[in-house]
1. Starting from the Cα of residue 54, step 7 Å toward the Cβ, then list every residue of segment 32-48 with an amide N under 18 Å from that point.
2. Expressed as an acute angle from 0 to 90° and rounded to the nearest 10, what is the orientation of the C-alpha long axis of helix 8-37 relative to the principal long axis of the chain?
3. Per residue of the chain, what 222 nm ellipticity follows from adding -39500 (n - 2.57) for every DSSP H run with n ≥ 4, rounded to the nearest 500?
4. Any chance you could tell me what percent of the C-alpha pair distances in the chain go past 20 Å?
5. In degrees, nearest 10, range 0 to 90: what is the angle between the Cα axis of helix 46-78 and the longest Cα principal axis of the chain?
6. Compute the FRET efficiency between residue 78 and residue 33 as 1/(1 + (r/R0)^6), taking r as their Cβ-Cβ distance and R0 = 30 Å, and round to the nearest 0.05.
7. First obtain the Kirkwood hydrodynamic radius of segment 44-85 from its Cα pairs, then insert it into the Stokes-Einstein equation at 10 °C and 1.306 mPa s, and state the resulting D in µm² per second as a whole number.
């Protein structure tokens with residue numbers, strides 16, 4: 001098995017590609033955040049406004065719940081336990 005040799009130019013090119021990916025994902029995350037937490041647009045129908053608001057609330061709840069599950073799974077994998085007082 002041979003080891004791959006890296007040159008500075010290869011590393012710089014890879015770094016540029018990764019930075020572009022990070023910026024693209026960061027832009028998408030900002031757009032999602034702004035969409036979720038921007039004030040609701042006024043609607044002619046009160047029920048439609050309620051449904052849109054409920055949809056946003058559920059999206060935030062779902063994100064927090066998913067993050068909690070991921071944190072719990074990572075802590076379990078790392079063997080970290082909650083400190084008891």
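Rule-based calculations on the coordinates, nothing more; no lab input. Only a predicted model underlies this, so the values are computations on that prediction, with no experimental measurement involved. Ideal geometry is used to build each Cβ from the backbone, glycine not excepted, and the neighbour counts take in all protein chains shown.
1. 40-41, 43-48
2. 10 degrees
3. Calculated mean residue ellipticity at 222 nm is -27000 deg cm²/dmol.
4. The proportion of pairs with Cα distances above 20 Å equals 66 percent.
5. With both axes taken from Cα atoms, the answer is about 30 degrees.
6. According to the calculation, E is roughly 0.60.
7. 124 µm²/s
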